[in-house]
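*Asks:* I'd like to ask some things about the structure below.
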2 protein chains.
Amino acid sequence: MLNLQDEIKQSKPFSSLEEEVYLNIQRTAYILAADSERIFRSANLTGVQYNVLRILRGAGKNGLACSEISNRLITKDSDITRLLGRLEKMELINRCTNPVDRRGVDASITKKGLSVLTSLDEPIAKLNKDRFGHLTVEMLEQLNALLVLARSGDFNI
Amino acid sequence: MLNLQDEIKQSKPFSSLEEEVYLNIQRTAYILAADSERIFRSANLTGVQYNVLRILRGAGKNGLACSEISNRLITKDSDITRLLGRLEKMELINRCTNPVDRRGVDASITKKGLSVLTSLDEPIAKLNKDRFGHLTVEMLEQLNALLVLARSGDFNI
DNA sequence: TGACAATAGTCGTTATAACAAGTATGTTTT
DNA sequence: AAAACATACTTGTTATAACGACTATTGTCA
């Protein structure tokens, strides 16, 4: 098994343990995301698009305001309008101005969107099970706890 | 302290512990990267550009082939040519075709590039120290070990 | 040696991300 | 009720990422 230093062929050791942790998190996120993206791509979706659809599925029939979708994204999207525009063009979501506050726009998932999303449920679940299958429940829980702790030093969450 | 479920305002629990770990890694990477990017930006660099400069500083005077730079990046860049082009335009690196194998192009860091990079060393080191300051050495080491383990299920590193 | 394959990088194109400025609607304040 | 402010989204612009096709050079082998 490779450690980070071998993987990125760095000859010098890291300048600090903290730095190693940071780079390690970035690299792990990148590698794992690449595999997930491959599945999203099979349905012609990007990662963000997939996440928006999941959020809207969770939100149900009434849909959600643009800003709220943005808030719930794992990674913020600086341009929710055009992201939703692309999803609407693919007929995966609907948009309509909120009748109560006409500044707002509510988005909701379409039947087609729902079916695309459902088709990805199993592959995604399987990927997650498979790639972490060699870790025990205790390890996974500990990893979760450490990650939450690791980012709690930043207060601009 | 917020857990991931609160942060992204998800009402339903995650469909699996594995999925939670995955999302947790992505979110942590995103939040931590945002802070680092802020520092890079202060020197008019993106994260990838900063990493390329660090790689070239490590490589020394002889420089490195484009492909090798690409290999050593934490996250792969699909277009190293134009990335190096931008750095060259900023006079932070030089490029010359490799005299031995004229297909290759070697890049090396300039004096200016070196000084920009050096100016970021302290802020970056401080950021890493600060944001992980509340974690013990044991915790950091454990986090590192778990991360390496977490991505070792993927064999396309 | 000459054809074919492999390697190293470049470039064209389209999509997406980032940032800032703009527009429409709603809220507050005096 | 009008002015000032706040909110919610949209749009313009520029930079960067992703993907594939293309060029130049080197290696292989019949």
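*Asks:* Using a Gaussian network model of chain A whose springs link C-alpha atoms within less than 10 Å, name the residue from A:Phe14, A:Phe132, A:Phe40 with the highest mean-square fluctuation.
*Replies:* With Cα springs under 10 Å in chain A, the top fluctuation among A:Phe14, A:Phe132, A:Phe40 is at A:Phe14.
*Asks:* Moving on. FRET efficiency for A:Lys89 and A:Leu114, Cβ-Cβ distance as r, R0 = 22 Å, nearest 0.05? Could the numbers behind the result be given before it?
*Replies:* Numbers: r = 17 Å, r/R0 = 0.78.
Here the calculated transfer efficiency is 0.80.
*Asks:* Can I ask one more? Tell me, which longest segment in chain B has none of the trypsin sites (Lys or Arg not before Pro) that fall in DSSP loops with at most 16 further Cβ atoms within 10 Å?
*Replies:* B:104-157
*Asks:* Once you list every other residue whose beta carbon is under 10 Å from the beta carbon of B:Arg95, what net charge do they have if Lys and Arg are +1 and Asp and Glu are -1?
*Replies:* Neighbourhood net charge equals -2.
*Asks:* So if I place +1 on the C-beta of Lys and Arg and -1 on the C-beta of Asp and Glu, and nothing else carries charge, what would the dipole magnitude of chain B be about its Cα centre? I want it in debye, nearest 20. Spell out each step's value before the answer.
*Replies:* Working: 22 positive and 20 negative charges, 163 e Å.
My answer is approximately 780 debye.
*Asks:* Say the dipole of segment A:1-146 comes from +1 at the beta carbon of Lys and Arg and -1 at that of Asp and Glu; which of A:Val116, A:Pro99, A:Ala59 then lies farthest toward its positive end?
*Replies:* Ranked along the dipole, the leading option is A:Pro99.
*Asks:* Related question: Between A:Ser16 and A:Val137, take the C-beta separation as r, use R0 = 30 Å, and let me know the FRET efficiency to the nearest 0.05. The partial results should precede the final answer.
*Replies:* On the way: r = 31 Å, r/R0 = 1.04.
With R0 = 30 Å, the Cβ-Cβ based efficiency is 0.45.
*Asks:* Report the label-to-label distance for B:Ala145 and A:Arg57 in nanometres (one decimal), using points 7 Å from each Cα along the Cα→Cβ vector.
*Replies:* 3.7
*Asks:* Counting only residues 5 or more places away or on other chains, whose amide H sits under 5 Å from the amide H of A:Ile93 once H atoms are built in the peptide plane?
*Replies:* Answer set, sorted by chain and number: A:Glu88, A:Thr110.
*Asks:* Within segment B:131-152, which residues have the backbone N less than 19 Å from the label spot 7 Å out from B:Ile39 along Cα→beta-carbon, could you tell me?
*Replies:* B:131-137, B:140-141, B:144
*Asks:* Pairing the Cα long axis of helix B:47-59 with the longest principal axis of chain B, what angle in degrees results, from 0 to 90 and rounded to the nearest 10?
*Replies:* 60
*Asks:* Also: Just to be sure I understand: with springs between alpha-carbon atoms less than 10 Å apart, which residue in A:Asp121, A:Asp79, A:Asp101 has the highest mean-square fluctuation in the Gaussian network model of chain A?
*Replies:* A:Asp101
*Asks:* Considering chain A as a Gaussian network with a 10 Å cut-off on Cα pairs, which listed residue, A:Ile93, A:Ile39, A:Ile80, attains the greatest mean-square fluctuation?
*Replies:* Looking only at A:Ile93, A:Ile39, A:Ile80, the biggest GNM fluctuation is shown by A:Ile80.
*Asks:* Let me ask something else. Report the one residue of A:Asn24, A:Thr81, A:Val48 whose Cα lies farthest in the direction of the positive end of the charge dipole of chain A (charges on C-beta: Lys and Arg +1, Asp and Glu -1; origin at the Cα centre).
*Replies:* Of A:Asn24, A:Thr81, A:Val48, it is A:Thr81.
*Asks:* Okay, next question. Got the relative contact order for chain B handy, in percent, Cα pairs under 8 Å and 6 or more residues apart?
*Replies:* Taking the mean separation of contacting Cα pairs over the length of chain B, I get 19 percent.
*Asks:* Also, quick follow-up: Counting other C-beta atoms within 10 Å, which of A:Ser42, B:Ser108 has the fewest, and how do the rest follow?
*Replies:* The most exposed by this proxy come first: A:Ser42, B:Ser108.
*Asks:* Which of the residue pairs B:Lys76/B:Lys126; A:Lys76/B:Lys76; A:Lys89/B:Lys76 have a Cα-Cα distance greater than 24 Å in the structure shown?
*Replies:* B:Lys76/B:Lys126; A:Lys89/B:Lys76
Every read-out reported here was derived from the displayed coordinates using simple, explicitly stated rules and does not represent laboratory data. All values derive from a computational prediction rather than experimental measurement. We place every Cβ from the backbone using ideal geometry, glycine too, and count neighbours over all the protein chains shown.
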